[in-house]
Each structure stands twice: as C-alpha cells, then as structure tokens.
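The values are calculated or read from the model by the stated rules, or taken from the named source; none is laboratory data. Computed from a predicted model, the values in this text were never measured in an experiment. Virtual Cβ from ideal backbone geometry, glycine too; neighbours counted across all protein chains shown. Just so you know, the surface numbers come from the protein's heavy atoms only, side chains and all, with ligands and any DNA or RNA stripped out. Shrake-Rupley method; radii C 1.70, N 1.55, O 1.52, S 1.80 Å.
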Amino acid sequence: MEIPLESQEHTIPEIKYEYLDHTADVQLHAWGETLKEAFEQCGMAMFGYMTELSSVDIQKCYEIKTDPTDDMENLLFRFLDELLFLFSAEPFLICKKLEITKFDTEEEKFYIECRCYGEEFDLSKHPQGTEVKAITYASMQINQMPEQNKCEVFVIIDI
C-alpha cells in the first residue's frame with residue numbers, strides 16, 4: 001500500500017551488511033545493535049544486490065506487513081519475501097531505506113510492519129545487478145548477542 005511521502009529529509013542508515021560467497025547462490029550477512037536493525041539491513045542488502053543503491057532516490061513510500069507467525073526464522077523469511085514481491089510486481093519498487101515501524105516479537109504471533117522508501121526500478125537509471133529469484137531457509141541464522149550489543153542474520157538468496 002502506498003502511503004504519502006513525508007516532506008522531511010531522509011537520513012540513510014549506515015551500511016551494516018556484506019555478501020558472502022555461496023555455491024550457486026549468495027549469502028546475505030547483516031547486523032545491527034537490535035534485531036530490528038539487523039532485519040532492516042538484511043532487506044537493504046538484498047536491494048543492494050539488485051542495483052547500486054546510490055542511484056536510487058526516495059520518491060515513494062510503501063508500507064508492507066508480514067503475516068503473523070510464531071517462528072523468528074519464518075518472520076525473517078516473510079519480511080524478505082514481502083520486500084522481494086514489492087520489487088518483482090507492481091510498483092517494482094527498489095528501496096533505498098527501510099524503516100520497520102512495528103516489530104512485534106513479544107506476543108505468540110510475531111509480525112512486522114515496515115515503511116519502504118525508494119522509487120520505481122528503471123533500467124535507464126539503475127544499474128542492473130543480479131536478479132533475486134527467491135528467499136530460502138537454507139542455513140538461515142539469527143543470532144542475538146546482548147552482551148556484545150549486536151544481532152546478526154544470515155540468509156541465502158536464490159539468484
């Protein structure tokens with residue numbers, strides 16, 4: 001669902017992700033001080049694999065919601081799958097910034113609501129990276145390290 005874009009300037013978060021080699025696929029490794037930030041960074045890593053994010057402007061804002069689940073790995077899968085759908089179908093949104101506005105992991109059913117800032121993907125403007133075909137559960141890891149003030153996630157995407 002498209003929501004009105006606020007007229008304020010958007011601060012783009014620091015990059016906290018990397019790409020790890022994996023046979024025939026690519027593994028996203030993202031981190032943050034909170035699990036919410038690690039999930040946001042993982043989504044940005046996926047978009048960054050599809051194009052150079054420096055070429056993307058913030059023109060539109062869409063909100064996505066995951067279906068509720070009782071499993072953290074499934075929550076990450078559903079979040080990334082919703083983002084991939086936003087890119088793969090109308091409006092073909094490539095995101096420069098993700099802002100999770102609701103990250104409910106306290107109740108029996110976990111869910112995410114996220115604002116996705118970016119613009120419609122345009123090959124004449126955005127360098128084509130690698131197409132992401134699907135999110136996988138293979139070797140998915142979610143690590144919370146409160147003693148280090150760090151959370152990290154590992155996700156293999158099918159390319």
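Residues that are in a strand (DSSP E or B) and open to solvent by 70 Å² or more (accessible area, probe 1.4 Å) within the range 123-149 comprise Q141, Q144, listed in sequence order. Picking from residues in the range 1-16 that are outside any strand (DSSP E or B) and open to solvent by less than 50 Å² (accessible area, probe 1.4 Å), the one that is farthest from M145 (Cα to Cα) is H10. Note on the range 81-97: residues that are open to solvent by less than 30 Å² (accessible area, probe 1.4 Å) and at pLDDT below 95 amount to 2. Residues in the range 50-67 that are part of a helix (DSSP H, G or I) and more than 19 Å from H10 (Cα to Cα): 1 in all. Scanning the range 42-75 for residues that are free of Cβ contacts under 8 Å to residues at least 40 places away in the same chain and within 15 Å of Q141 (Cα to Cα) gives D71, N74, L75. Filtered by the rule that a residue be modelled with pLDDT of 95 or more and in a loop (DSSP other than H, G, I, E, B), the range 17-49 gives E33, T34. Under the condition of being surrounded by fewer than 19 Cβ atoms within 10 Å (Cβ to Cβ) and assigned to a strand (DSSP E or B), the residues counted in the range 113-122 number 3. Sort out which residues of the range 51-72 are more than 18 Å from S88 (Cβ to Cβ), open to solvent by 30 Å² or more (accessible area, probe 1.4 Å) and in contact with a strand residue (DSSP E or B) (Cβ under 6 Å, 6 or more places away or on another chain), and write them in order of number. Selection gives D57, I58, Q59, P68, M72.
Figure legend. Inter-residue proximity from the range 85-100: first residues farther than 15 Å from S55 by Cβ, second residues aliphatic (A, V, I, L, M), beta-carbon distance below 8 Å, spacing 6+ or different chains. Indicated pairs: L86/I64; L86/L93; L98/M44; L98/L83; I100/I112.
Of the set (1) among the hydrophobic types (A, V, I, L, M, F, W, C); (2) farther than 18 Å from Q128 by Cβ; (3) in a strand (DSSP E or B), all apply to F77 but (3). Condition first: β-branched (V, I, T), within 25 Å of H10 (Cα to Cα) and either open to solvent by 50 Å² or more (accessible area, probe 1.4 Å) or assigned to a loop (DSSP other than H, G, I, E, B) (or both). Can you find one or more residues in the range 98-112 that meet it? Taking every residue of the range 98-112 in turn, at least one turns out to be β-branched (V, I, T), within 25 Å of H10 (Cα to Cα) and either open to solvent by 50 Å² or more (accessible area, probe 1.4 Å) or assigned to a loop (DSSP other than H, G, I, E, B) (or both).
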